[in-house]
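This report refers to the structure that appears directly beneath it.
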Amino acid sequence: MLGPVIAGLYGTVLPAFGHLPAAGLTGPTLDPFRSLFDWGGLGAAVRLSVTTGVLATGLSLLIVSFIVAGWSGTRSFRVLERLLSPLLSVPHAAAAFGLAFLIVPSGWLARMTSPWLTGWDRPPDVLIVQDPLGLAMVAGLVVKEVPFLLLMMIAAMGQAQPRRSLLVAQALGYGRVTGWLKTVFPRVYAQIRLPVYVVIGYSMSVVDVAVILGPSTPPTLSVQIVKWMSDPDLAMRLTGAAAALLQFALVVGVLVAWWLGERVVAALGRRWIASGRRGQTDTPGRVLGLWFGALSALSILLGLASLLVWSFAARWTFPNVLPDGFTLRSWDRHGPSAIATMGETFVIAGAAVGLALVLVLGCLEAEHRGGRQFGQRGLLLLYLPLLVPQTAFLPGLQTMLLSIGADMGQMPVVFAHLVFVLPYVFLSLGDPWRSWDARNATVAQALGASPWRVFWAVRLPMLTRPVLTALAVGVAVSVGQYLATLLIGGGRVSTLTTEAVALSSGGDRRAIGVYGLLQTLAALVPFTVALIVPTILWRNRRGLHD
Amino acid sequence: MKYLALMAALAAPSAVLANPDPADWDAVLAEADGQTVFWNAWGGSTTTNDFIAWVGERVAEDYGVILEHVKLTDTADAVTRVLSEKQAGEDDDGAIDMIWINGANFAAMKDADLLFGPFAEQLPNWAVVDVDGKTVQTDFTVPVEGYEAPWAMAQVVFVHNTDTMPDTLGSMDELLDWAQANPGRFSYPQPPDFLGSTFLKQVLVDIIEDPAVLQEAATDETYDDVVAPLWAYLDALTPHLWRSGQAYPATGTAMFPLINDGELDLSISFSPGAASTAIANFELPETVRTFVLDKGTIGNASFVAIPYNSGSAAGAMVVANFLMSPEAQARAQDPNILGYGTVLDMAKLSEDERAAFDALELGIATLSPAELGTVQAEPHPSWMTRVTDDWVERYGTGQ
């Protein structure tokens, strides 16, 4: 999967130095960088990319750590976990739309408190979304990254054996949070480091969330790159390519800075641990963690609810909490074409995820039979497409596909999706696949079964649930792809996500409601299937799994 | 303007002869049957999307042409696409068969020989188009010469909520006074959005002494002096805009919910019927009305053009011709559907065809053709390009 990333980066580097033979331009020259540095918004755009990315990642990590530290093993934790895990599959764009409907000055929160509390009979003229600091955008990223990091952390906890460490710490008089932070966190963090890096790279270069919630005077660097890439003036493409390289360098720089930050925190942390102080932060940490966790879950759920209400709304005036009337008209108008688009979305997702599953299963099975483990380096290779900012290599990939005349239609889009789907399917399936008890295979082979029969008749059925979950994760990733569909599809391929983001510029909240809901549904249905099917399959052989 | 120079350099001597030949309409119809036409058109407006879907149904029924709407966020994307295809040597079957286009994008494509044609004036329905009364043969002062077919007339109108802003305004200077007295209640879409750039031109046309200078291409000598009053005007206006000018709505339709919520009292639209349509769709309150300025407002025609490398030019011509038909035009003018002005000459229609237009209720917020008053000519596209670029430098980068 490195091929497309490297090809794409190559296709970005050449034009960044003024080399685009297709346009009759040959380099090398530094003009693209000159015109990039001439752009008045560059400073603000770069600052925005860095601050939103770092802030969103840091906040998400902080919230997740306090939730896990303060509550793992409790009933509230299980409730929160169950609440947050399906939210992982809610596409970023839908979550961002929902959040926007909640927090704008005329949004649900203002309506619920007006005019009795606020005295507003008209929405106040305050800048909430599109704020120049990008805080609304950070909020939109945090609500989506908290579920992701939480699940990653829960998965990592299994191997860190937190219970015993915590017991010892508590026996020594440490509070729950302090004890966890001092004994468990260092081990857990080592395991979720790559996912954290993915969150940094993603948050710094995201396009769809930035278009919906981010500022526009100027926009973030990634949004500006997409603008330059679609400018009719081809010279702007060179500027865009130069900016894409800058974006890449920014992400690398921030990752290095973060890595250095880890050393600093580790050094300070060791001193803190060794100091033996029992800490006073337990209760506030616990409470804040739970509050923020619940808040991020609630804001997605409320946001989705507001999409639902808008999709059925007739006239709806401020400050009424509910529409003045309900109508099916929006569904009549947009439903049929939205459902047709949903079909295309599923065709692309199905093809990409099917391919990914075949590759991942083949890889895991080869690993099993060959007795070799995928090392840390292999893991890094797998993560690389997720770490490299999409805006840095997708435009280059598009230019490259165009020059060989293969940029149209669904197939290239499927392959572009595969680049992002494959790592997630692998990550989701790898651990359960490896932790399967190999003695089952030994028994089956002793009974005369061939390796393939073991695979089809024993291993796959026993691992139905993780396989289906991996499929669901893959579908959710594919459904949420915006830039890969938009750029590689050349406009001819539309999915629910590209349609929804295109609608966002028109501001028709009813249509956005319809598309946003269906987009969420498209990502959620496979998860439901992954939950229900194994239960039905195993209703008379409950012992087959685990 | 290296961009125009670049395009000129690319304009290889590939003299495009219209093939298939629109004069032989029967042959065009025969060839069109079964073709798929990818129409790249801005996709942000749900009413337009619905209308295009209806056109698709009708041309499939009558001519066997399959119409696919490729929804753009920016028409420039389609121009880029054709340009990239030309560079990549894709000369026979590009991704785009038809583009909703006008103004600078048309000028750029025509200049670079990226268009199929001339075809528009050979289409059968050209006979009923109002050639004298409407600006269908020039597009932002650039001669059309049959390289694009008109399908809708647009004119700037101001949309106001009479509940909170009962009075209309007569000029851009009055608008400035009003905005200073009512801070935060007006905004315009962020340029380079089409309507946002149009607002800038509307200001320019209204406040300068002699707008005739805008009909000539902007030159380095004239530009700064002519445009100076615009920047002075915007410097005075911006602090009193919605969100103090720190954020702008993305498009014209994105301002409707803001009016509906009571955030804005006033906005602009390029479609005289759009407000009535939006009221019918619950997107605007029933108290909304429209007005134009005393000196009139800018108007232009929307066109469709066919890229030189379309593999379905016959099908695209059939669609373009259908768009100019009395049936499609009457539907487009219906405020419950689209509310776009027609390009047809009522005097050239049969009585039945005219009856369909007469039967239309224009809608409570739509001005009659008489009330719309003088249509002011679009400035030469070079003004819009420069003004937009400078706007982005001045107000779009947070400096």
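Any idea how many residues of segment B:366-390 are more than 20 Å from the chain's Cα centre (by Cα) and surrounded by 15 or more Cβ atoms within 10 Å (Cβ to Cβ)?
Within segment B:366-390, the first condition is being more than 20 Å from the chain's Cα centre (by Cα), and the residues that meet it are B:370-371, B:390.
Retained after the next criterion (residues that are surrounded by 15 or more Cβ atoms within 10 Å (Cβ to Cβ)): B:390.
Counting residues in segment B:366-390 that are more than 20 Å from the chain's Cα centre (by Cα) and surrounded by 15 or more Cβ atoms within 10 Å (Cβ to Cβ) gives 1.
I need the full set of residues from segment A:206-235 which are closer than 15 Å to residue A:396 by Cα and in contact (Cβ under 8 Å) with a residue 40 or more places away in the chain, in order please.
Answer for segment A:206-235, where residues must be closer than 15 Å to residue A:396 by Cα and in contact (Cβ under 8 Å) with a residue 40 or more places away in the chain: A:222, A:225, A:226, A:229, A:234, A:235.
Would you please name the residue that is farthest from the chain's Cα centre (by Cα), looking only at residues in segment B:36-66 that are under 15 Å from residue B:313 (Cβ atoms) and outside any strand (DSSP E or B)?
Only one residue fits best here, namely B:63.
If you go through segment A:205-238, how many residues are in a helix (DSSP H, G or I) and more than 12 Å from the chain's Cα centre (by Cα)? Outline the logic, then answer.
Of segment A:205-238, the ones in a helix (DSSP H, G or I) are A:205, A:208-213, A:221-229, A:234-238.
Checking which are more than 12 Å from the chain's Cα centre (by Cα) leaves us with A:210-213, A:221-229, A:234-238.
Residues that pass the stated criteria total 18.
Kindly indicate whether residue B:343 is in contact with a Lys or Arg (Cβ under 8 Å, 6 or more places away or on another chain), within 30 Å of residue B:96 (Cα to Cα), surrounded by 24 or more Cβ atoms within 10 Å (Cβ to Cβ) and in the same structural domain as residue B:136 (by TED's automatic domain parsing).
yes
Within segment B:214-227, is even one residue in contact with a Phe, Trp or Tyr (Cβ under 9 Å, 6 or more places away or on another chain), within 11 Å of another protein chain (Cβ to nearest Cβ), surrounded by 22 or more Cβ atoms within 10 Å (Cβ to Cβ) and outside any loop (DSSP other than H, G, I, E, B)? Give the derivation first.
Within segment B:214-227, the subset in contact with a Phe, Trp or Tyr (Cβ under 9 Å, 6 or more places away or on another chain) is B:214, B:217-218, B:223, B:226-227.
Filter once more, keeping what is within 11 Å of another protein chain (Cβ to nearest Cβ): none.
Among the residues of segment B:214-227, not one is in contact with a Phe, Trp or Tyr (Cβ under 9 Å, 6 or more places away or on another chain), within 11 Å of another protein chain (Cβ to nearest Cβ), surrounded by 22 or more Cβ atoms within 10 Å (Cβ to Cβ) and outside any loop (DSSP other than H, G, I, E, B), which makes the answer no.
Where residues in segment B:260-279 are more than 8 Å from chain A (Cβ to nearest Cβ) and more than 22 Å from the chain's Cα centre (by Cα), which of them is nearest to residue B:160 (Cα to Cα)? Full working, then the answer.
Start the filter on segment B:260-279 by keeping residues that are more than 8 Å from chain A (Cβ to nearest Cβ), which leaves B:264-279.
Next, from what is left, pick out any that are more than 22 Å from the chain's Cα centre (by Cα): B:264-265.
On the way: B:264: 9, B:265: 6 Å.
It comes out as B:265.
Provide a single number: the residues in segment A:38-65 that are in a helix (DSSP H, G or I) and modelled with pLDDT under 90.
First, the residues of segment A:38-65 that are in a helix (DSSP H, G or I): A:38, A:42-65.
Subsequent filtering for residues that are modelled with pLDDT under 90 retains A:38.
Summing the residues that are in a helix (DSSP H, G or I) and modelled with pLDDT under 90 in segment A:38-65 gives 1.
So in segment B:89-101, with the set limited to residues that are in a loop (DSSP other than H, G, I, E, B) and over 13 Å from residue A:492 (Cβ atoms), which one is nearest to the other protein chains (Cβ to nearest Cβ)? Give the derivation first.
Restricting attention to segment B:89-101, the residues satisfying the condition of being in a loop (DSSP other than H, G, I, E, B) are B:89-97.
Remaining after also requiring over 13 Å from residue A:492 (Cβ atoms): B:89-92.
Working: B:89: 8, B:90: 6, B:91: 11, B:92: 11 Å.
Among them, the one singled out is B:90.
Take residue B:314 and tell me if it is in a helix (DSSP H, G or I), within 22 Å of the chain's Cα centre (by Cα) and surrounded by 24 or more Cβ atoms within 10 Å (Cβ to Cβ). Before you say what the answer is, go through the steps one by one.
Details: in a helix (DSSP H, G or I): yes; within 22 Å of the chain's Cα centre (by Cα): no; surrounded by 24 or more Cβ atoms within 10 Å (Cβ to Cβ): yes.
It is false that residue B:314 is in a helix (DSSP H, G or I), within 22 Å of the chain's Cα centre (by Cα) and surrounded by 24 or more Cβ atoms within 10 Å (Cβ to Cβ).
Please enumerate the residues belonging to segment A:7-17 that are surrounded by fewer than 21 Cβ atoms within 10 Å (Cβ to Cβ) and either within 22 Å of the chain's Cα centre (by Cα) or within 13 Å of chain B (Cβ to nearest Cβ) (or both).
Within segment A:7-17, A:9 is the sole residue that qualifies.
Check A:36, A:62, A:25 and return the single one that is away from chain B (no Cβ under 14 Å) and either out of contact with any Pro (no Cβ under 7 Å at 6 or more places or on another chain) or more than 30 Å from residue A:153 (Cβ to Cβ) (or both). Let's see the steps before the verdict.
Values: A:36 fails: away from chain B (no Cβ under 14 Å); A:25 fails: away from chain B (no Cβ under 14 Å).
Going through A:36, A:62, A:25 in turn, just one is away from chain B (no Cβ under 14 Å) and either out of contact with any Pro (no Cβ under 7 Å at 6 or more places or on another chain) or more than 30 Å from residue A:153 (Cβ to Cβ) (or both): A:62.
Go through A:115, A:132 for me and flag whichever is farther than 30 Å from residue A:430 by Cα, within 14 Å of chain B (Cβ to nearest Cβ), touching an Asp or Glu at 6+ places or on another chain (Cβ under 8 Å) and not small (Gly, Ala, Ser).
On the way: A:132 fails: touching an Asp or Glu at 6+ places or on another chain (Cβ under 8 Å).
Just a single option satisfies the conditions, and that option is A:115.
Could you list all residues from segment A:39-59 that are surrounded by fewer than 22 Cβ atoms within 10 Å (Cβ to Cβ) and away from chain B (no Cβ under 14 Å)?
A:50, A:54, A:55, A:58, A:59
Output the residue which, of all residues in segment A:413-459 that are of a type in the set (Ser, Thr, Tyr) and assigned to a helix (DSSP H, G or I), is surrounded by the fewest Cβ atoms within 10 Å (Cβ to Cβ).
Applying the first criterion (of a type in the set (Ser, Thr, Tyr)) to segment A:413-459 yields A:424, A:428, A:435, A:442, A:450.
Going one step further and asking which of them are assigned to a helix (DSSP H, G or I), we end up with A:424, A:428, A:442.
Working: A:424: 21, A:428: 22, A:442: 11.
Among those that are of a type in the set (Ser, Thr, Tyr) and assigned to a helix (DSSP H, G or I), it is A:442.
Yes/no per residue for (1) over 28 Å from residue B:38 (Cα atoms); (2) within 22 Å of the chain's Cα centre (by Cα):
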| site | (1), (2) |
| --- | --- |
| A:478 | no, yes |
| A:494 | no, yes |
| A:500 | no, yes |
| A:503 | no, yes |
| A:507 | no, no |
| A:511 | no, no |
| A:526 | yes, yes |
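If residue B:129 passes every condition in (1) among the hydrophobic types (A, V, I, L, M, F, W, C); (2) within 13 Å of chain A (Cβ to nearest Cβ); (3) crowded, with 20+ Cβ neighbours inside 10 Å but one, which one does it miss?
Among (1) among the hydrophobic types (A, V, I, L, M, F, W, C); (2) within 13 Å of chain A (Cβ to nearest Cβ); (3) crowded, with 20+ Cβ neighbours inside 10 Å, residue B:129 violates only (2).
For segment B:53-70, give me the residue count where each residue is crowded, with 21+ Cβ neighbours inside 10 Å and under 23 Å from residue A:513 (Cα atoms).
Matching residues across segment B:53-70 total 2.
Run down A:207, A:184 and say which single residue is at pLDDT below 95, crowded, with 21+ Cβ neighbours inside 10 Å and farther than 25 Å from residue A:133 by Cα.
Values: A:207 fails: farther than 25 Å from residue A:133 by Cα.
Result: A:184 is the single residue among A:207, A:184 that is at pLDDT below 95, crowded, with 21+ Cβ neighbours inside 10 Å and farther than 25 Å from residue A:133 by Cα.
To keep it simple, each residue is scored yes or no on (1) aliphatic (A, V, I, L, M); (2) at pLDDT below 90; (3) touching a Leu at 6+ places or on another chain (Cβ under 7 Å).
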position	(1), (2), (3)
B:62	no, no, no
B:74	no, yes, no
B:78	yes, yes, yes
B:82	yes, yes, yes
B:94	no, yes, no
B:112	yes, yes, yes
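Say we look at segment A:491-511 and pick out the residues that are part of a helix (DSSP H, G or I) and more than 10 Å from chain B (Cβ to nearest Cβ); which of these is farthest from residue A:481 (Cα to Cα)? First the steps, then the outcome.
Pass one, segment A:491-511, residues part of a helix (DSSP H, G or I): A:496-506, A:509-511.
The next check asks that each one be more than 10 Å from chain B (Cβ to nearest Cβ); those that pass are A:496-497, A:500.
Details: A:496: 10, A:497: 7, A:500: 12 Å.
Ranking the qualifying residues of segment A:491-511, first place goes to A:500.
Residue by residue through segment B:41-63, note down the ones that are at the interface with chain A (Cβ under 8 Å from one of its Cβ atoms) and among the acidic types (Asp, Glu).
Result: B:50, single match.
Considering only helices (runs of 4 or more DSSP H) fully contained in segment B:342-399, which possess at least 1 residues that are more than 23 Å from residue B:216 (Cα to Cα) and within 14 Å of another protein chain (Cβ to nearest Cβ)? Walk me through how you get there before you give the answer.
Values: elements: B:351-358, B:369-372, B:381-395.
Answer list for segment B:342-399: B:381-395.
When the residues of segment B:64-88 are narrowed to those that are at the interface with chain A (Cβ under 8 Å from one of its Cβ atoms), in contact with a Phe, Trp or Tyr (Cβ under 8 Å, 6 or more places away or on another chain) and not charged (D, E, K, R), which ends up farthest from residue B:51 (Cα to Cα)?
Ranking the candidates gives B:73 first.
Would you point out which residue out of A:501, A:529, A:479 is at pLDDT below 90, within 30 Å of residue B:256 (Cβ to Cβ) and among the β-branched types (Val, Ile, Thr)? Break it down into steps so the answer makes sense when it comes.
Values: A:529 fails: within 30 Å of residue B:256 (Cβ to Cβ); A:479 fails: at pLDDT below 90.
Exactly one residue qualifies, and that residue is A:501.
Evaluate the following for residue B:247: is it assigned to a loop (DSSP other than H, G, I, E, B) and among the hydrophobic types (A, V, I, L, M, F, W, C)?
Values: assigned to a loop (DSSP other than H, G, I, E, B): yes; among the hydrophobic types (A, V, I, L, M, F, W, C): yes.
So residue B:247 fits the description; yes.
Assess whether residue A:507 counts as being farther than 23 Å from residue A:227 by Cβ, surrounded by fewer than 24 Cβ atoms within 10 Å (Cβ to Cβ) and without any contact (Cβ under 8 Å) to a residue 40 or more places away in the chain. So that I can check it myself, show each step before the final result.
Values: farther than 23 Å from residue A:227 by Cβ: no; surrounded by fewer than 24 Cβ atoms within 10 Å (Cβ to Cβ): yes; without any contact (Cβ under 8 Å) to a residue 40 or more places away in the chain: yes.
It is false that residue A:507 is farther than 23 Å from residue A:227 by Cβ, surrounded by fewer than 24 Cβ atoms within 10 Å (Cβ to Cβ) and without any contact (Cβ under 8 Å) to a residue 40 or more places away in the chain.
What are the residue pairs meeting all of these: first residue in segment A:322-336, first residue within 9 Å of chain B (Cβ to nearest Cβ), second residue charged (D, E, K, R) and loosely packed, with under 14 Cβ neighbours inside 10 Å, Cβ atoms under 6 Å, and 6 or more apart or on different chains?
none
The values are calculated or read from the model by the stated rules, or taken from the named source; none is laboratory data. Everything numeric in this text was worked out from a predicted model, so none of it was measured. All Cβ positions, even for glycine, are placed from backbone atoms using ideal geometry, and neighbour counts span all protein chains on display.
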